[in-house]
Structures are given as C-alpha cells and as structure tokens.
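Following: one structure in structure tokens, then a few remarks.
Every number here is computed from the coordinates shown, using simple stated rules; none is lab data. None of the values given here were measured: they were computed from a predicted structure. When we count neighbours, we look across all protein chains shown, and the Cβ atoms used for this are built from the backbone with ideal geometry, even at glycine.
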Amino acid sequence: MADEQDKMDLGADAEATSVDGYKFQPIKGYPMFSWRGKRAFTSTQFYPAQLKEVYGSEVDGWRNKIFWGDNEKVLSHLLKNFRGKVQTIYIDPPFDSKIDYSKPIKLRGKQATTDGSAFEEKQYTDIWNNDEYLQFMFERLILLRELLAEDGSIFLHCDWHKSHHLRCIMDEVFGQKNFVNEIIWAYHGPGSPGMRQFNRKHDNIFWYSKTQGSWKFNADAVRTAHDGKTSENFKQGLKGSGFIEGNYELASGKIPEDWWVMAIAGRYPNDGVKRTGYPTEKPLPLLERILTATTDKDDIVLDCFMGSGVTALSAQRLDRRFITADINSTAVSDAVKRLNLANKNSTGSAIEDVKRPGFEVLTVNNYDIFRNPIEAKSLLADALEIQKIETSSIYDGEKDGRMVKIMPVNRIATKADLSELIAGFDYTAFDRRLNANPNQPVEKILLICMGHEPDLKAQLEIEAKPYKIDVEVVDILRDKSQLEFKRDSEARLAIKDGHLEIERFYPMNLMQKLSLQKEQVTDWREMVESIMVDWNYDGAILQPVELDVPDKNELVNGRYKVPEDAGTVRVKITDLLSESWEGSIDG
C-alpha cells in the first residue's frame, strides 16, 4: 500500500499561474492545449514493489526488470532510484483506435486447430473518452520526463488517431525546442473493402530530447548504404552544388531518412524473429535502430507499455539494461517467455551467462487476481450482477438504482482517482434534478474498489458540493470471500524414479472457455504455454532453472529429472490464457 507521507515532487514551477487547478507558465505567442478536466500533476506517491520471480544472475549488481502493474504506479516507484538515469524511453501507448484487441487461443501440439483459432481472448480495450485519454498520457509523460537522463531521448509511437494531440502534449511536457524528429514507419498491406480514402499504412514516432541540443546519437552505428546514383554523383562532384570541397570524403553510408520502410509484407519484416501473437506487437528491427542510435552498452532503456516485450528483447540483444512494465499479465507472460527462449540452451535449462544480466519480475501492489483491466471489469460486473451501460463515458453500469463506477483494479483507490468521475459529472442534469427535488440526492453512486483510502466516500461527496450525492463503496479486497470471480486451476505433482512428474493439470477457466467452443482436449499438455521449475524454492521468490517453453505446435514435457541437491521443488504452470498455477513438493 502506498505511503501517504512518501511523496515525490515532480519539480513543478512554484511561480506558475493556476487556472482551473492546472499550473502553467504562459509563453507569449504559443497556444495552450487544454481539455475538460485537465489537472495539475505536480507530485506522486511512492508505491512499493514485490519481487516475485528471478531468472539468471546479476552482473555488476544489475538485473533487468519487468514490472506487472499500473504503469503510473510503477513509474512513481522508479522515481526513488532512477530519476535522471534512463537513457532512452520508447513507449507504444494506446492509440485510442476504438478497438478491443484480442489474442487467438489455440490448443498446442498435433491436435491443435490449424485453420483458425479455437477462440479469441480480449487482452485490452483501446476505447477512450477523449479527455480521459489526454489526462492519462499527460500524467505518464510528466513522470517519464523525470526519469530521463539529461542527454536522454524519448520516442512515443502513435498513429493518426491521436498523433496531433500527443505532439501538443509532448511540446508542453518536454518543450517545443526539444523536438528532434517525427519518424514515419511505413508498411504495406491491403485496404478495407469500400475504402473512400487513401490507405492508412504508416505510424508516427515522435522523438524528443530531455535537454535542448543535447542528446546521444550514434550516427555511424545506424548508417545505411548509399545507392549507386548517390555514389556516382559524388564522384562527379555534383557540379555547382558546393557539396565537395577540399579533402571531403563520402561517408561509408548515409544517416537514414526520417521515414522507415521496415517490412517485406504487411507490418512485420522477415527478420527471423518469432512473433508472440500479441495484438500490437512491433518488429524488432524498429526498436533495434532506435536503441542503437541513442544508447550505448549498459545504458538503461525504459518501456512502460511493454506489450510482447520487443523493447526488452532488443535491449537484451544489444547489451543494454532494461526496465519494462505492463498492466496486462499476458504481456508479462509473453515477455518472460520470449526472453527465456532467447537465453535457453539445448537442454532447456536457463543459461548462466556472466556477461549478460538476467531479469526479475516484480509487482506493484495486489496484482494477483485479474489478468488485465478488461477481464477485471467483466468479472466484477458479472459477480456483482451489474447491468452494463455502453453509452456512458464515466459509469460502468447500474445496480439497484445506483450508477456504478469500477475504480482502478488491483491497487488501492485514492482521492486522485476521483478526478475523472468528478470532471465527467452531468451538471446540467444535476441542476434539473435539484430543481425538481431539492431535498433528494442528485445522483446515487456505487464505487467498486480493490482497497481504498478511508475517506474516499466523504471526499467524493465534498467534491460534488453544492450538489448532494449519495455514495456507497464496495471494497472487493474486504468482500471477495463472498464473491466468486473465477475458479482456480488445479494440478497434481509427484516424484517418481528420481523425476518430477506433472500427473494432472486442470486450468478451470480455460477448460470452461474451450467447452463453450466444443474443443476436445485429449492431453492436458495441449493447454499449457510453459512449465518452470525451481529446484530449491526459498518460500518467497521463484527462481526457475528448468524452463520448459516449447514452440507453439509442440507440447511441454511434463517430466523432469530431479537434481541430487534438490530441496523444496516449486512448479509454475502457465496455461494458454496466461493464467498460472503454482505448487510445491519436496524433492
């Protein structure tokens, strides 16, 4: 739980003017970018992290880091030790594309469906209220600026949906004079039937520096070959251009333009890197060019919208240190899997490479009930029998005459989390109800929280004044014993003839979904993504040595030789939904 007293100052200008709660320093001749509910973000609380898993060794006191949690809380956590230490930040945040992104789920092995997926599982929603989206990005960019080194760079990846808004926010947060490049990543692909505009086949990447005129750029490391015409023109002297003077020599290659075509067909190049199937995965060469250009060996790279872990993999391959984070457990599972595959020897055991640090998985607050925010809201709505409302931008549903707001899941709800709700109130409707019934509340609200500050209800009622509202709070941490969100997985372990055997595995939620699709499972291993074994579990932190992470059409082994020095054996089995079961047995 966050410490109320341990707050991080974000370096706000104390002399800035305040308008509607937002502090700014007006500059003559420059417009201000504003939105409804724009609010100051000048300090944040420190949130502790819990170490859950460790893979590989420390090198020079460093182990790379993957965080599972709300990235605003993760960034707040990082401020304590990493302020001003991150060399390059790359983020691929939500685009506000108005799409729910899903991942195909297929059974593994020979029985796996080959002509389509058994079903698709929602990973996250990219449907936002405009003002909520802008505030979301504004706050995170402020935190990222504080983590960036003085000669550091940030790259923000977006597309046509919000590029114009995000450019304005980055001008405000990082300074217009710190803009370096707008990079266009172009790719190919067919258009949609019935198109009435040119085919949209590029993304935008905004590059800003932390300090004006000061950023790292390794030009020689990213040069590409000159074409024949350029070389020939150089030899001829480019008459009248003044291009060649004295002993000037043509460089070994050119610095790439600010438009990059990095695909053979579709969005992904034929680079030999296996895709995870994560909905918004980006190609590895894209990240490798960015990191090669702006970082050196052992520099720290940060990506707080990790997705499938492409930034982490790129940093690992280039011997950069990385810190990544995501709120989605599938993203964490995919990243852990691909990093372990990159570091796995032929026997399936983790490589102990003294030259390359391992990585650790940490959580911020209580990330152990829901896999992602979409699942959380759906499960909570079902468990609490909430009638969903699709048309409201601030409420998630209605129950017993109350408007329901599901607060951020898997962390405590704070007074700051009420801002979106307060900004979105329909005050015109409040006036109408007040005039009709002066002694009655203008709104009845039910807040669903996973832990909350004790004065949350009172604070919302105070903020709504002069209007009277009736607030009720349901805390699922306190009440979850009375709620059934989902059935836990089950497994049976045994030690036989010096081997650990997984005798049975029942991923209950996955099995239920498969049954609805009428998928027949003949072998429990068809439902397993990976098995990881710690032969000497210390009772707190999982440190797997046996890593059974097969290719998508192969099955896990399920039987492993027990080392002679084994103690308490801890097994983690992850199913196709990225839900994990853990259990122990004496070796």
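Read phi for every residue in the range 503-519 and hand back ³J(HN,Hα) as whole Hz from Karplus 6.51 cos²θ - 1.76 cosθ + 1.60, θ = phi - 60°, with x for Gly and Pro.
7, 8, 8, 10, x, 4, 5, 5, 4, 5, 5, 5, 5, 5, 8, 6, 8
Within 15 Å, Cβ to Cβ, of ASP538, how many net charges do the neighbouring residues add up to if Lys/Arg are +1 and Asp/Glu are -1? All intermediate terms of the calculation are to be shown ahead of the outcome.
Numbers: positive: LYS52, ARG570, LYS572; negative: GLU53, GLU360, ASP534, ASP565, GLU582, ASP586.
My count for the surroundings of ASP538 gives -3.
Want the number for THR42 to HIS164: 0.36 nm per residue separation, take away the alpha-carbon distance, what's left?
Working: separation 122, 0.36 × 122 = 43.92 nm, distance 2.44 nm.
Contour length minus the Cα-Cα distance gives 41.5 nm.
Debye calculation, C-alpha points only, no solvent: report log10 I(q)/I(0) for the range 490-586 at q = 0.13, 0.20, 0.24 Å⁻¹, in the same order as the q values.
-0.44, -0.97, -1.31
Measuring from label point to label point, each 7 Å out along Cα→Cβ, what is the ASN439 to ARG492 span in nm?
About 6.7 nm, to one decimal.
Placing +1 on the Cβ of each Lys and Arg and -1 on the Cβ of each Asp and Glu in the range 490-586, which of GLN512, ASN536, GLY558 has its Cα farthest towards the positive end of the resulting dipole?
The listed residue farthest towards the positive side: GLN512.
About the Cα centre of the range 490-586, what is the dipole size in debye to 20, counting +1 per Lys and Arg Cβ and -1 per Asp and Glu Cβ, all else neutral?
Charge dipole, the range 490-586, about its Cα centre: 320 debye, nearest 20.
Classify the range 373-482 from the C-alpha gyration tensor, please: rounded if a/c falls under 1.5, else prolate or oblate depending on whether a/b exceeds b/c. Walk me through the intermediate numbers first.
Numbers: a/c = 1.92, a/b = 1.52, b/c = 1.27.
Prolate is the answer for the range 373-482, as a/c is 1.5 or above and a/b outweighs b/c.
Taking the Cα centre of the range 161-211 as origin, sum charge times position over the Cβ atoms of Lys and Arg (+1) and Asp and Glu (-1), and report the length of that vector in debye to the nearest 20.
120
Which value, in debye to the nearest 20, describes the size of the charge dipole of the range 373-482 about its Cα centre when Lys and Arg Cβ atoms bear +1, Asp and Glu Cβ atoms bear -1, and nothing else is charged?
So the dipole magnitude of the range 373-482 works out to roughly 140 debye.
Need one number: nm distance between label points at LYS457 and SER393, each 7 Å from Cα along Cα→Cβ, rounded to one decimal.
3.0
Non-local amide H neighbours of LEU362 (under 5 Å, H modeled in plane, Pro and chain starts lacking H): which ones?
LYS52, ILE66, PHE67, TRP68
Multiply the residue gap between GLN212 and ASP586 by 0.36 nm, knock off their C-alpha separation, and tell me the result in nm, one decimal place.
Working: separation 374, 0.36 × 374 = 134.64 nm, distance 5.91 nm.
So the chain would gain 128.7 nm between GLN212 and ASP586.
Which order do peptides 336-342, 389-395, 73-79 fall in by mean Cβ count within 10 Å, highest first?
73-79, 336-342, 389-395
How far, in nm, would the chain grow between SER97 and GLN517 when pulled straight, counting 0.36 nm per residue and subtracting the alpha carbon separation?
Details: separation 420, 0.36 × 420 = 151.20 nm, distance 2.84 nm.
Length gained between SER97 and GLN517: 148.4 nm.
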